[in-house]
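**Student:** Shown below is the structure under consideration.
The values are calculated or read from the model by the stated rules, or taken from the named source; none is laboratory data. No experiment lies behind these values; they were computed from the predicted model shown. Ideal geometry is used to build each Cβ from the backbone, glycine not excepted, and the neighbour counts take in all protein chains shown. Just so you know, the surface numbers come from the protein's heavy atoms only, side chains and all, with ligands and any DNA or RNA stripped out. Shrake-Rupley method; radii C 1.70, N 1.55, O 1.52, S 1.80 Å.
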Amino acid sequence: GQQVMQIPQYQHVQEGEDFTTYCNSSTTLSNIQWYKQRPGGHPVFLIQLVKSGEVKKQKRLTFQFGEAKKNSSLHITATQTTDVGTYFCAGQVDGTASKLTFGTGTRLQVTL
Amino acid sequence: SAVISQKPSRDICQRGTSLTIQCQVDSQVTMMFWYRQQPGQSLTLIATANQGSEATYESGFVIDKFPISRPNLTFSTLTVSNMSPEDSSIYLCSVGPFSYEQYFGPGTRLTVT
């Protein structure tokens, strides 16, 4: 079945440092979504990427979708303690009626 | 967006018993999803629940173990049957009102002893 892997599993940064998580799917995706889950919370939708090579920005967050639509990345510039949480990518495949396959997740810890 | 509530928020149950988790949405939605998330792990889709039809289960999940009801467009239940300690997990419902992004409920933390 479809698998979506993320690296790294965990990263600890000092506040102000940059952070990147990478997402790789075993199959071509129709779109990829990113979610953030704070400790003790539930996943919250951040963004969706649909087009090959698409890049979107949300303030300090930059999201990319690979040319082959099998990989994606999330880059955070100048991390803040509010960025703490686990970041999941989630892929959809054509014809699967909104079903999402979640990546393995990257847990981000930010300290002062 | 959609606001989702789940009941109970947490429970401790004995093995061999069953627990029914409720999911209520503040607006009508076509598709509702049920996920399981073990501590520190990713989310695994259990099934998709559409109103008026039987739920569609993912590989590794069966209706006898996880029966789902979807009586209307704002409500669904998931039952975890004949529980064992391996069922200890967080169970989340989600909805996809706009056909791509999903909104999640706060989750039900289940511990089976």
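**Student:** Which pairs turn up if I take residues in region B:92-113 that are facing chain A (nearest Cβ under 7 Å) and open to solvent by 10 Å² or more (accessible area, probe 1.4 Å) and look for partners that are modelled with pLDDT of 95 or more and in a loop (DSSP other than H, G, I, E, B) with beta carbon separation below 7 Å, at least 6 apart in sequence or on another chain?
**Tutor:** B:104/A:42; B:104/A:43; B:106/A:42; B:106/B:9
**Student:** Something else now. Any idea which of A:64, A:92, A:80 is surrounded by 15 or more Cβ atoms within 10 Å (Cβ to Cβ) and away from chain B (no Cβ under 14 Å)?
**Tutor:** Checking each option against the conditions leaves just A:64.
**Student:** Go through region A:48-102 and count every residue that is acidic (Asp, Glu) and not in a loop (DSSP other than H, G, I, E, B).
**Tutor:** Adding up the residues that qualify gives 1.
**Student:** Please state which one of B:42, B:5 is in contact (Cβ under 8 Å) with a residue 40 or more places away in the chain, within 29 Å of residue A:108 (Cα to Cα) and within 14 Å of chain A (Cβ to nearest Cβ).
**Tutor:** None of the others qualify; the one that does is B:5.
**Student:** Turning to a different aspect of this structure: Looking only at residues that are more than 17 Å from residue B:64 (Cβ to Cβ) and out of contact with any Asp or Glu (no Cβ under 8 Å at 6 or more places or on another chain) in region B:74-90, which one is surrounded by the fewest Cβ atoms within 10 Å (Cβ to Cβ)?
**Tutor:** Per the criteria, the residue is B:85.
**Student:** I'd like the full set of residues that are within 25 Å of residue B:39 (Cα to Cα) and assigned to a loop (DSSP other than H, G, I, E, B), limited to region A:103-112.
**Tutor:** A:103, A:104, A:105
**Student:** Counting only residues that are away from chain A (no Cβ under 12 Å) and open to solvent by 90 Å² or more (accessible area, probe 1.4 Å), how many does region B:53-69 have?
**Tutor:** Matching residues across region B:53-69 total 2.
**Student:** Same structure again: Determine the pairs where a residue that is under 23 Å from residue B:34 (Cα atoms) and free of Cβ contacts under 8 Å to residues at least 40 places away in the same chain, located within region A:34-61, has a partner that is of a type in the set (Phe, Trp, Tyr) and open to solvent by 60 Å² or more (accessible area, probe 1.4 Å) with Cβ atoms under 6 Å apart, the partner being 6 or more residues away or on another chain.
**Tutor:** Filtered contacts from region A:34-61: A:48/B:100.
**Student:** Taking the stated definitions as given, is residue B:41 open to solvent by 70 Å² or more (accessible area, probe 1.4 Å), over 13 Å from the mean Cα position of the chain (by Cα) and within 22 Å of residue A:41 (Cα to Cα)?
**Tutor:** When the stated conditions are applied, residue B:41 passes them.
**Student:** Could I ask something else about it? Applying the selection to region A:11-44, what residues are at the interface with chain B (Cβ under 10 Å from one of its Cβ atoms) and either surrounded by fewer than 18 Cβ atoms within 10 Å (Cβ to Cβ) or in a loop (DSSP other than H, G, I, E, B) (or both)?
**Tutor:** Result: A:30, A:40, A:41, A:42, A:43, A:44.
**Student:** If you scan region B:8-33, which residues turn out to be assigned to a loop (DSSP other than H, G, I, E, B) and within 15 Å of residue B:48 (Cα to Cα)?
**Tutor:** Of everything in region B:8-33, those that are assigned to a loop (DSSP other than H, G, I, E, B) and within 15 Å of residue B:48 (Cα to Cα) turn out to be B:29, B:30.
**Student:** While we're looking at this one, here's another question. If the requirement is being out of contact with any Leu (no Cβ under 7 Å at 6 or more places or on another chain) and modelled with pLDDT of 95 or more, which of these qualifies: A:11, A:6, A:2?
**Tutor:** Going through A:11, A:6, A:2 in turn, just one is out of contact with any Leu (no Cβ under 7 Å at 6 or more places or on another chain) and modelled with pLDDT of 95 or more: A:6.
**Student:** Can you tell me which residue within region B:8-36, out of those that are modelled with pLDDT under 95 and among the hydroxyl-bearing types (Ser, Thr, Tyr), is most open to solvent (accessible area, probe 1.4 Å)?
**Tutor:** Among them, the one singled out is B:30.
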